1. So if I average 1/r over every pair of distinct C-alpha atoms in region 241-333 and take the inverse, what Kirkwood radius in Å does that give?
2. So what is the relative contact order of region 241-333, in percent, for Cα pairs below 8 Å that sit 6 or more residues apart?
3. According to the square roots a ≥ b ≥ c of the eigenvalues of the Cα gyration tensor, what is the shape class of region 76-127, taking rounded for a/c under 1.5, prolate for a/b larger than b/c otherwise, and oblate for the remainder?
4. For the pair Thr109 and Arg131, what calculated FRET efficiency results from E = 1/(1 + (r/R0)^6), where r is the Cβ-Cβ distance and R0 = 22 Å, to the nearest 0.05?
5. Can you check what the Kirkwood hydrodynamic radius comes to for region 37-191, Cα pairs only, in Å to one decimal?
6. Once Lys and Arg get +1 and Asp and Glu get -1 on their Cβ, which of Ala156, Ala84, Ser166 lies farthest toward the positive end of the dipole of region 37-191?
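Bear in mind these aren't lab numbers, they're just calculated from the coordinates by the rules spelled out. Since the structure is predicted, the reported quantities are computational estimates derived from the model, not experimental observations. Here Cβ is always computed from backbone atoms with ideal geometry, including for glycine, and neighbour counts include all displayed protein chains.
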Amino acid sequence: MMQHAHAPVHAAAAPPCPTRGENRISLNNRFDLVYEHADQEVDTTASRRTRRGDFLRAATWAITHRLHPKAGDTTLRVARDLAARLNADGHVAYCRDAMWRRLGISRRTLERHIAVLRELGLLVWAVHGTRTNTRPAGSGEWAGTATIYAAVVPRAWDDALGHRVSGHGYHARHIGFTEHGRQLAIADARRRARPTRCRDTPSCKTNHPRPTAEMRGKKNNTSAPRGARPRPRRRHEIPEPYRASPDQAAHAVSVAAWVRPRVPWTQGEGLRRLAFALRPWIATGRSAADIAADLSVWRVPRRPASPASLIMARWSETEGRNKRAADPDSREDRASAVPPNAAFLAAMDAVRARLTRVSPPVEPEPDPPGFVIRDRILASLAQADRARRARTAEQCLTFAEWESVCDARERAPW
């Protein structure tokens, strides 16, 4: 055996690197990855710009055909996240710090798969992010420049799908199909238009017996027997104390509008729900001031979840006590009790007279008309605007705030 029979066979020399901007397909029909960062720019890429649908299809095609040894399911997840945020120009902000948390992967893994998409010719840099502060000097704020990527598809994907492309590089355009590409596009369109078959769960209900139709004369038209169809019932029957005519409902809304701002724990309830809950109390003849005084002395949580439900529950308790008091047994107990004597009644009258002198009843103030409230609001807004324009540079926290004050002064009338 000759001496050089077992010598290692040297690999053939690699084909020359194509010039910048050319289609990166090797001589043996292999897809060449874009490793140079200089070829991953918008101005130097060989891929053409695209939108969301073609970007996802090209990414799926590249990952399925294993064009990159490190591409996988995580790469496709990253591509889908970018595609969901593409704008009309096919650009997307990187947002690395929010993206790796959203995808549930590490920051280093995200950077590695973004690099894989760039090497596959699916992403190119539109704007390089920097940490240079873009805020005005002295403002005390910091904001860097975001990295902006552009979605592209490689020329190899267009060739595989039979696309006719006009131009070269990022601004190339898809203008038609070859004969093979037309067949592929028709098959893909039919596959998308095909309805998906979904198997519903069989119903567990049995067929209900239907009433026998009445045959009247020799006509084809038949009708179900009378009484076969039940009369539709209302979903919610309103109890008796809460029923009201339209005028009574409007009066209840006005009472609730007066009560709600004066009782703190009812301010979280809607006006109509509160008015509905107060209808029984209004029906007893109480005024808005009496209802507000009664609600103010209740021992309730500071912010109840449903003030209207609490008021309705309290009314039910009151009605229950009244019914128990009206029973014959309770009347017998009341009859057997000792009535108060004259001295006790005189003492109670003296206490009531003293309380009336200390805190005389105050009549509720009428609400001001709407135009008075409007003038007050406009006056307060004008006063706030004058105070904002009267600030000095020392009173402003940022330089931008001081510039807005100066602009407001220039725009203000003399």
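1. 14.0 Å
2. Averaging sequence separation for qualifying contacts and normalising by length gives 31 percent for region 241-333.
3. Here region 76-127 falls in the oblate category.
4. 0.50
5. 16.7 Å
6. Ala84
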